[in-house]
């Protein structure tokens, strides 16, 4: 007579032709490492872009005027756009949560 052992969710016997790590668990730490590697690659590409675009350009905003390298100017523009997008998205999430709380 055999008794059934509860399964932990992972198949201990790999199927034919499968790799050793096919049943590996996907964890938050694994995703964090992937995110860090992608961020590092983007950072390297960004550094190369800035170093290739070092010519000075004049920027005038209202009454202020600056001379900045073109690569830095583009980087600051992207950061400003991301912050505005995050601000608008955050406000929208706040609105949706408030409506959801009222509905409950």
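Here are some notes:
- In this entry, residue 73 passes the filter for residues that are in contact with a strand residue (DSSP E or B) (Cβ under 7 Å, 6 or more places away or on another chain), in a helix (DSSP H, G or I), surrounded by 10 or more Cβ atoms within 10 Å (Cβ to Cβ) and free of Cβ contacts under 8 Å to residues at least 40 places away in the same chain.
- So residue 100, is it out of contact with any helix residue (DSSP H, G or I) (no Cβ under 7 Å at 6 or more places or on another chain), loosely packed, with under 10 Cβ neighbours inside 10 Å and in a helix (DSSP H, G or I): yes
- The range 36-51 residues that are in a helix (DSSP H, G or I), paired with ones that are surrounded by 10 or more Cβ atoms within 10 Å (Cβ to Cβ) (beta carbon under 6 Å, 6 or more apart): 49/71; 50/71
Rule-based calculations on the coordinates, nothing more; no lab input. Keep in mind it's a predicted model, so treat the numbers as computed, not measured. Positions of Cβ are generated from backbone atoms using ideal geometry, with glycine treated the same way; all protein chains shown enter the neighbour counts.
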